[in-house]
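Q: Here you go, one structure.
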Amino acid sequence: MSHLARSTDISTSHQAGSYVAAGGIQRDQQSKAAAAVKQHPGLTSMKLADVTGLDRYMLARRLPELLKTKQVWRGPAMPCPVSGRSACSWWPVAPGENLALGL
């Protein structure tokens, strides 16, 4: 599992990271994030938060972790329907692995 705090973060960030990892919270959040992407492919993290009720910042932390384990794919940038700013889209599979989505 990757480190949940940067080496330059203060001690409380490291303590929180240890708590999240040891208590299974990280794994549960990853499962929820992966399920959200599968249910709503191609959305930005902010729009995913909007439609699922999941915390946007939790998604912003867990989606890159899922990217590293190849459970999701970071798609092309698009205007976020919530913020109006350009943001990446998130997909449940790597490119070329889901022909039904045309990826």
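Q: Return only the number of the condition from (1) under 14 Å from SER89 (Cβ atoms); (2) of a type in the set (D, E, K, R); (3) part of a helix (DSSP H, G or I) that ASP28 does not satisfy.
A: Evaluating ASP28 over (1) under 14 Å from SER89 (Cβ atoms); (2) of a type in the set (D, E, K, R); (3) part of a helix (DSSP H, G or I) leaves (1) as the failure.
Q: Could you check TYR19 against (1) aromatic (Phe, Trp, Tyr); (2) under 12 Å from the mean Cα position of the chain (by Cα); (3) surrounded by fewer than 18 Cβ atoms within 10 Å (Cβ to Cβ) and say which number it fails?
A: (2)
Q: Can I ask one more? For the range 66-87, how many residues meet the condition of being under 15 Å from HIS40 (Cα atoms), out of contact with any helix residue (DSSP H, G or I) (no Cβ under 6 Å at 6 or more places or on another chain) and β-branched (Val, Ile, Thr)?
A: 0
Q: Is at least one residue of the range 5-12 out of contact with any strand residue (DSSP E or B) (no Cβ under 9 Å at 6 or more places or on another chain), free of Cβ contacts under 8 Å to residues at least 60 places away in the same chain, part of a helix (DSSP H, G or I) and on the phi < 0 side of the Ramachandran plot?
A: The answer is yes; a qualifying residue exists.
Q: Select from the range 31-66 the residues that are open to solvent by less than 20 Å² (accessible area, probe 1.4 Å) and either part of a loop (DSSP other than H, G, I, E, B) or among the aromatic types (Phe, Trp, Tyr) (or both) and write down the one among them that is nearest to TRP91 (Cα to Cα).
A: Only one residue fits best here, namely GLY42.
The values are calculated or read from the model by the stated rules, or taken from the named source; none is laboratory data. Note that the structure is a prediction, hence the values are computed from the model and not measured. A quick note on method: Cβ atoms are made from the backbone with ideal geometry, for glycine too, and the neighbour counts reach across all protein chains shown. Note: areas computed on protein heavy atoms with side chains; ligands, DNA, RNA excluded. Shrake-Rupley method; radii C 1.70, N 1.55, O 1.52, S 1.80 Å.
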